Amino acid sequence: RFLPNSPTLMNAGRPLQQLSACFVLPIEDSMESIFETIKHTALIHQSGGGTGFSFSSLRPKNDTVHSTKGVSSGPVSFMQVFNSATEAIKQGGTRRGANMGILRIDHPDIIDFITSKKDTSKLNNFNISVAITEDFMEHALKNEDYPLINPRNNEIVKYLNAKEVFDLIVETAWSSGEPGIIFIDRINKLNPIPKAGKIEATNPCGEQPLVAYESCNLGSINIGKFIKGYKIEKDKLNLRNALKKFSNNPNEIISDYLNSIDFDALRKTVRTAVHFLDNVIDKNRYPIEKIKMMTLSNRKIGLGIMGYADTLIKLGIPYDSELALKIAESIMEFIDKESKIKSEELGIERGSFPNFKGSLWEEKGFKAMRNGTTTTIAPTGTISIIGGASSGIEPLFALAYERHVLDKQTLIEIDKNLKGVLESMGVYSEKLIDYIVKNGSLGKKYDKDVEELLTKEEFEYLSRIFITSHDITPKWHVMTQAAFQKFTDNAVSKTVNFPNSAKKEDIKEVYTLAYNLNLKGITVYRDGSREQVLTSGSSANGSGTAKKYTCPVCGSSVSEPIDIKPIIANNANNTAENIKNGNTDKKTGGQIEPRRRPDVIHGVTVKTTTGCGPLYVTINYDENGNPFEIFNSIGKSGGCAQSQTESTGRMVSLALRSGIGAEEIISQLKGIRCNIPYGFGTNIIYSCADAIGKALEKSLNENVSNTLAI
């Protein structure tokens, strides 16, 4: 009935013991901060987590860098370095890395950011979202200009037309599903722990806004397990009459349906889940000490649900109905209330989270509170498969689909509720199942193929109850998300599905509706605009069944961050150039692609001694005699020392191949200290990183590249 996020399931009891799904890391406007964060990102991905970042503090492209007398390459170029680092590390041996990249709408490089994923070879390990401000939305709705602000000095550098920028976001989202949108001012306004810091980013799937160095500790309740059997009765097959009755007397009808939910059992599960997730915080082995400190200071947990579509099917309620929205609000309000009761009890028993004083919970009169937040709606891809539930609060994607489990291997899957309902109605048959498998759903048309299998009344009922995501109009997706957001501390992960025929104006209306309904973020997907995500049974590729893929972090089938199909329309490029008002730099987003390694390359090896033992640093050079890559080996120490020096070598090599000057890298590495230095005076080696920096410096000073036969 309850499952924690998949890293808890995968890592608990193992040496890694890293139990959190996702993290948010800070990026400040300095080379030291950027590469420190890249190092932390590598450690997190290695432990099985995903990462979210705001690049909004970085100075814009072509801005002055006083320390080098040069110019900045801008946030998008550094995102590519993060992307390459992620590519090099497979998460914890079981999952590849995933990132969320966020940029404020008032950053001078916002146009490059919005269009940064039109080339699918770039940023393929990132989801991206624009941080929308209240000020921007007001200007966009009034068709006014708004300012772009240089974060280095907070000075206005130019003005753009807000409506044109908003239209560009819509256009690129229509083409590729990205960028998403987060309403950053709203997130901070509703932050229950404002003194903990300003929220600037979310986790990769968007449901967990976090301050810098916080982690997600999530779990979900399979709400479908609390329904007392299928609510199928012959006199209720005429669904139109039931929905009409609800419109006339909603309280009577809602009570009838809520009586079918075992709220006593749900209360027990909610309280047990809160206790469990609080224990996870203490049992967790955090990859970075700063993450441990921040997580323990706020002790945020995020309890949500999965199996919402299953619940509606068992209750006999259409997903796109006012009755369903009332059920959603009732369920989430109950879970939120009970989670707060349990967290208060734990706060009294164990002590409140350290930042409780001055928090929203103290203002509301809680005696204590163990957790800074208690509720989140996650996509639950992996754990919903384990639990045999529909994903999060999403509708069914298809009644039958083809799941890719390994390369060139597939399984045909049929929704588990379908057989139960058909049997309850007495209409189950192999012919009907074959029809559904062939078409992916029951469809909307009562044709000749169905006439011999179902009566018209039965068909109308089943096609309304077993409704799929592509049968639901976008506004119902948004309204469902809003119903759950009302009673959720953090945010709600939900994808608004559009048919391939959807217009850009349709997406714009949904974005505006999301803003008006007080959502914290919104993600859209137009059928056929991405590869390797779910597609409908009658998809454009001609396959008869849908194909299902999952997000590497949460397992969500609607948050795939890689292999996005390059179909940004030509007029998107024109729009971007018009908005930029003649920006002469037409390189795509200013992105950096690391140089490829040749098959043969020459170099030298520098030996030095560290507190961990002898360290051998091999420095290879390109055809121009410039450092191209390094390899590190630290004697026979093995373990953490070897892995850390290897990871440092990989990151230095990545930086060198991406055009970062060796002198800049040396300045970042030299002087890093650990608790076992070696030597004295000018020859002291403070750490392995210090040794690597000094070895690289020595090779440059002695100009050893000129002695190589390159």
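The values are calculated or read from the model by the stated rules, or taken from the named source; none is laboratory data. Computed from a prediction, not measured in an experiment: that's the story for all the values here. As a convention, Cβ positions derive from the backbone with ideal geometry for all residues, glycine included, and neighbour counts pool all protein chains shown.
Of note:
- Helices (runs of 4 or more DSSP H) enclosed by the stretch 320-392 - at least 1 residues per element that are among the polar types (S, T, N, Q) and either free of Cβ contacts under 8 Å to residues at least 12 places away in the same chain or out of contact with any Gly (no Cβ under 8 Å at 6 or more places or on another chain) (or both): 322-350
- All positions within the stretch 9-28 that are out of contact with any Gly (no Cβ under 8 Å at 6 or more places or on another chain) and either surrounded by 19 or more Cβ atoms within 10 Å (Cβ to Cβ) or modelled with pLDDT of 95 or more (or both): Leu19, Pro26, Ile27, Glu28
- Qualifying positions in the stretch 491-505 - aliphatic (A, V, I, L, M) and more than 30 Å from Asn188 (Cβ to Cβ): Ala502
- Scanning the stretch 279-288 for residues that are in a helix (DSSP H, G or I) and more than 15 Å from Asn5 (Cα to Cα) turns up just one, Asp282.
- Residues located in the stretch 289-308, provided they are closer than 14 Å to Asn355 by Cα and part of a helix (DSSP H, G or I): Met293, Met294, Thr295, Leu296, Ser297, Asn298
- Those residues of the stretch 1-51 which are in a strand (DSSP E or B) and either under 12 Å from Tyr286 (Cα atoms) or touching a helix residue (DSSP H, G or I) at 6+ places or on another chain (Cβ under 8 Å) (or both), in sequence order: Phe2, Leu3, Pro4, Cys22, Phe23, Leu25, Gly50, Thr51
- Picking from residues in the stretch 301-323 that are of a type in the set (Gly, Ala, Ser) and buried (at least 24 other Cβ atoms within 10 Å of the Cβ), the one that is farthest from Asn203 (Cα to Cα) is Ala309.
- Options Gly52, Gly93, Gly74; residue that is modelled with pLDDT under 85, of a type outside the set (Val, Ile, Thr) and not assigned by TED's automatic domain parsing to the domain that holds Leu654: Gly93
- Complete set of residues in the stretch 477-530 that are charged (D, E, K, R) and either assigned to a loop (DSSP other than H, G, I, E, B) or under 26 Å from Ile317 (Cβ atoms) (or both): Lys486, Asp489, Lys494, Lys503, Asp506, Glu509, Lys520, Asp527, Arg530
- Counted residues, the stretch 66-75 - those being over 14 Å from Pro151 (Cβ atoms) and not in a loop (DSSP other than H, G, I, E, B): 2
- Among the residues of the stretch 324-339, just one is surrounded by 23 or more Cβ atoms within 10 Å (Cβ to Cβ) and closer than 22 Å to Leu296 by Cα, namely Ser339.
- Taken as a whole, the condition of being modelled with pLDDT under 80, crowded, with 16+ Cβ neighbours inside 10 Å and either within 31 Å of the chain's Cα centre (by Cα) or among the charged types (D, E, K, R) (or both) does not apply to Glu394.
- Residue list for the stretch 253-278, restricted to those being out of contact with any helix residue (DSSP H, G or I) (no Cβ under 8 Å at 6 or more places or on another chain) and either exposed (fewer than 14 other Cβ atoms within 10 Å of the Cβ) or in a loop (DSSP other than H, G, I, E, B) (or both): Ser255, Asn259, Asp264, Lys268
- Residue ID - nearest to the chain's Cα centre (by Cα), chosen from residues in the stretch 426-449 that are surrounded by 12 or more Cβ atoms within 10 Å (Cβ to Cβ) and more than 19 Å from Asp415 (Cα to Cα): Tyr446
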